[in-house]
1. Just name the residue that is farthest from the chain's Cα centre (by Cα) out of those in the range 432-455 that are closer than 25 Å to ARG402 by Cβ and surrounded by 13 or more Cβ atoms within 10 Å (Cβ to Cβ).
2. Which of the residues that make up the range 354-369 are at pLDDT 80 or above and out of contact with any strand residue (DSSP E or B) (no Cβ under 6 Å at 6 or more places or on another chain)?
3. Being outside any strand (DSSP E or B), modelled with pLDDT of 90 or more and buried (at least 18 other Cβ atoms within 10 Å of the Cβ), is that true of even one residue in the range 550-572?
4. Residue by residue through the range 176-203, note down the ones that are among the small types (Gly, Ala, Ser), in contact (Cβ under 8 Å) with a residue 40 or more places away in the chain and not in a helix (DSSP H, G or I).
5. Tell me which residues, restricted to the range 111-156, are touching a residue at least 40 places away in the same chain (Cβ under 8 Å), over 18 Å from VAL207 (Cα atoms) and among the basic types (Lys, Arg).
6. If we scan the range 520-543, do we find a residue that is over 30 Å from THR628 (Cα atoms), touching an Asp or Glu at 6+ places or on another chain (Cβ under 7 Å) and not assigned by TED's automatic domain parsing to the domain that holds SER444?
7. In the range 533-553, what residues are of a type outside the set (Gly, Ala, Ser) and within 22 Å of ALA64 (Cα to Cα)?
8. For the range 598-630, which residues satisfy the criterion of being of a type in the set (A, V, I, L, M, F, W, C) and exposed (fewer than 12 other Cβ atoms within 10 Å of the Cβ)?
Amino acid sequence: MVSDTLVDDRYRVLSRLGAGGMADVYLAEDQQLARKVALKLLHRRFAEDPDFVERFRREAQAAAGLQHPNVVGVYDRGEYDGTYYIAMEYLPGRSLKQLIREEAPLDPIRAIDITIQILRAARFAHRRGIIHRDLKPHNVIVDDAGNAKVTDFGIARAGASDMTETGSIMGTAQYLSPEQAQGLSVNASSDLYSVGVVLYEMLTGRVPFDAEAAVTIALKHVSETPVSPSQINPVIPPELDQTVMWTLNKNPADRPVDADQLIGVLTQCREMILAGQAGQGPGAVAAFAAAGYAGMPAGAALAETTAPPGTDAASRNGTGEHATGDGGDDTEPPRRRRRWPPWAWAALAALLIAGAGVGAYLLTRPAQSTVPQVTGLQLNVARTVLQNAQFQVGVINVGSARPQGTVIGENPGAGTRADRDSTVTLSVSAGPGNVLVPSVQGLSGAAATKLIDRVGLGVGHVVTQPSDRFDRGQATGTNPGATASVPPGTKITLFVSSGQPTQTVPDVRGESQSAATTTLSNDGFTVSPSTQTSDTVAAGNVISQDPAPGSSARQGSTVSIVVAKPAAQVKVPAVVGDRTGAAFSALTAAGFQVVRVDRNVSQRGENNTVVAQDPPGNSAQKKGATVTITVGHFVSTTTTTSPTTTSTTRSSTTTTSSSTTPTTTSTTETTTHP
């Protein structure tokens, strides 16, 4: 598409921004709202598939409702020149993929900050039932201030799982979860796996798995364990290293429960790095993120561990014997084989593919090593021994009489054969007489206090703080944190949720709808617009809002805005020449106010007749506007002779007997002479 092309009579193309497996992206200007947009046009080969188009339409509609500071807004969708488009928010900046190519490996703090923003966008979508399915650095825009926004929520579900379309997974196979690579159903955990791959790439400058063929990459996701990030970039602290590996577990059940949990762990990692505590020994984050132990309550069987990475995938692929076990049909005569129904051929093909998958796994599964004996060693020494033997290390703090930091158990046990780069979880003594701080998240304040008292500790302070994860009155954490080793009787601080965080509602009255939506979304609100006719506010601007400006509202709540639309216009009846009554009736029936002005006229036929009107007849005016009519008043202009009047006055005196005073009567006579 060339520059200056007008798409759908609204979007004027300015330049090409890029291309992807399913669509081309252009910078365009919205001619109606005078703003720049990113215009994504679907490739024609997808536009010819009715099912794909319907999914595209449905997902674009869902994405239009995702108004969040870390999500690229979707403004519009439509059809143009035989294909379909989405008009999205245009963000100047680089894609995260460009940033990685130019600057990786990134500083751990910077990588964590960007990842948390991606997770906030994913969390917002997951709570609304939308799974992205194609989270990758190409779909994240980062501005110069480090603000990140995720795009492509509109078409990810429709296209990212299309594993059979040649080339459609070349750009995304490196970020697919194992369940996606196998064509299984996906959920929020699949997005978290992809986020883990993105974080891995930011920290190391490369993806965990790569190859020339997309299918080869998919097999690696299913069957291989990635090299830990710290082996590529030694600057990465062990807590962050373990967190990344936690997200890359093959089994979704062994990954973080949700985006909230992963945000919490990354936040703790960030705080430990800033405080200079990272990598100095077992800590809350290391225990929390180690090999699927997230959320394990205090006192649980700490010797248990998850299966080594790859085991779950192997068990799923281990059904490959069905590919050769169902061989009875080989004895059928040729005539009967030719009469197999289509579904039987499909089943046979599926079984053959499953068998090929098992063969590929057996050929590519990781090499194994013997787990060395590290029980009795100090943690730092044990970690070095295991890493030299090409194992990852997970840490669990355990109350014990042994000196603090001593390894008192390992799983898998010493002498066991295990996959290289799989995780060996160490049980480490928290020290003689010490007590582990229990996990109290999600408990009521009273229940949390009782649990803390029961393990021999006490609550010194209760601090309330807002939380978008826990309800009012629920415990959000402690200081020291869960699994920390402290002497009995230690007074700890208990943090309790005061409810959802609130935000002051900004004043957006008088702003354009798009500006108001951006302002409210940046403050964490959802916007619900409606329209109303207004004579005083310019069309497209906000008339009013609810809640009112300056009030407090929960983040994520809805702010309703009323946007002005121009008053409806109607045609003014032409009443010049009509009698006054008829003119009044016609104008008022059309919805206008009428003002009458009289004018002297010399023609008798114009008397009580409309001789002029303003605005003129047949012009378009707002309903309710005033129309002034000028009504004729006849005045005669005929010339007459003025008569001459003569007045004569006579006086007489009358005397009565009852009065000595004479009375004089005056009589006036008027004579008119023509």
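The values are calculated or read from the model by the stated rules, or taken from the named source; none is laboratory data. Quick caveat, the model's predicted, so the values are computed rather than measured. Note that we place each Cβ from the backbone using ideal geometry, even for glycine, and neighbour counts take in every protein chain shown.
1. That would be ASN434.
2. Answer for the range 354-369, where residues must be at pLDDT 80 or above and out of contact with any strand residue (DSSP E or B) (no Cβ under 6 Å at 6 or more places or on another chain): just SER369.
3. Looking for residues that are outside any strand (DSSP E or B), modelled with pLDDT of 90 or more and buried (at least 18 other Cβ atoms within 10 Å of the Cβ), one finds at least one in the range 550-572, hence yes.
4. Answer for the range 176-203, where residues must be among the small types (Gly, Ala, Ser), in contact (Cβ under 8 Å) with a residue 40 or more places away in the chain and not in a helix (DSSP H, G or I): just SER177.
5. Within the range 111-156, ARG120, ARG123, ARG128, LYS149 qualify.
6. Scanning the range 520-543 turns up at least one residue that is over 30 Å from THR628 (Cα atoms), touching an Asp or Glu at 6+ places or on another chain (Cβ under 7 Å) and not assigned by TED's automatic domain parsing to the domain that holds SER444.
7. Residues satisfying the conditions are ASN541, VAL542, GLN545, ASP546.
8. Correct list: ALA620 only.
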